[in-house]
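Please treat every number below as a calculation from the coordinates, not as lab data. None of these values were measured; they are calculated from a predicted model. With ideal geometry, Cβ positions are generated from the backbone for all residues, glycine too; neighbour counts draw on all protein chains shown.
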Amino acid sequence: MTTTSMDAVPADAVPTAPVLELRAVTKVYGSGPTEVHALAGVDLSVRAGEMVAIMGPSGSGKSTLLTIAGSLEQPTSGDVLVEGTSLAGMSAADRARMRRRHIGYVFQDFNLLPGLTAAENISLPLELDGLKARKAAESARRALDGLGLADRADSFPDELSGGQRQRVAIARALVGQRRLLLADEPSGSLDSQAGENVMRLLRSACKEGAAAVLATHDAQLAAWADRVVFVRDGVAVDQAGPAAGPESLLTADVPR
Ligand code: ADP
């Protein structure tokens, strides 16, 4: 891993290389009169153990930033580095491998495959990455166990509640020691308790050394982050932080 001189480390922090770096990233959709500058030169660096919340109005570029950070889309210009490796120079196959191995996605619709059980949804990416089926199944069951879903391992997605499906999607994102976790409006239409649970899980993954980037409208979720980056019209306009901290949310009206 490499460090860059740009990334100042506070004196009391353990110095670690950034897990994710965006350098002058732009994204233009369409061309001519329909051209949209979804990202207009974004710099962002997220270290291991750190959680960054991206906030901004609808259409400001939050989802685009996450999909580009996760190599699901290519930037128009600029560079994305994951664990010090530039995505621009990678073959499509290497990028796919890197996604399976290092990046966990918690996106709004959960994207569980309906024909696979909870455990199979989690073990599939591990198997695709070359892990033996039995080992992958063991890891999947451990991950489900850790999220209180051991007894639902053999259930299909349509037999699970919204909250349970979400936990399966999170287990899939966290399994295999992924280093970069990307969450787009992870609370979605779920209640505040479920949203808080997602944040707890992401935080504990960060404690284990992952870096997390979370796009949200919800200031209560953003308060769990170490840092909040505000995006407007595709530009990161302000990098505030640290946020208030989760303990500020533990008021009487927040269920525990
Ligand atoms: P946010 O997540 O903050 O709501 P998005 O990243 O989804 O914002 O969108 C940023 C801008 O890019 C918007 O103007 C949106 O309409 C546009 N956009 C996003 N994805 C596409 C796409 N695939 N094709 C064309 N325009 C897009």
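Values as computed for the structure displayed
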read-out	value
Exposure proxy order (Cβ contacts within 10 Å, fewest to most) of MET51, MET98, MET199	MET98, MET51, MET199
Cα principal axis extents for the range 47-90, largest first, Å	32, 28, 15
Candidates per trypsin sites (Lys or Arg not before Pro) in the range 34-136, loop by DSSP, up to 14 other Cβ within 10 Å	LYS132
Cβ crowding within 10 Å averaged over residues, with 166-178, 143-155 ranked highest first	166-178, 143-155
Relative packing of 121-128, 231-238, which averages over residues the other C-beta atoms within 10 Å, highest first	121-128, 231-238
Ranked list, fewest to most other Cβ atoms within 10 Å of each Cβ, for ILE54, ILE103	ILE103, ILE54
Unit Cα scatterers, Debye sum, the range 45-157: log10 I(q)/I(0) for q = 0.13 Å⁻¹	-0.65
Mean projected area (nm²) of the alpha-carbon convex hull when the range 18-241 is viewed from all directions	12.2
Counted charge near GLY130, where neighbours are those whose Cβ lies closer than 13 Å (Asp, Glu -1; Lys, Arg +1)	+3
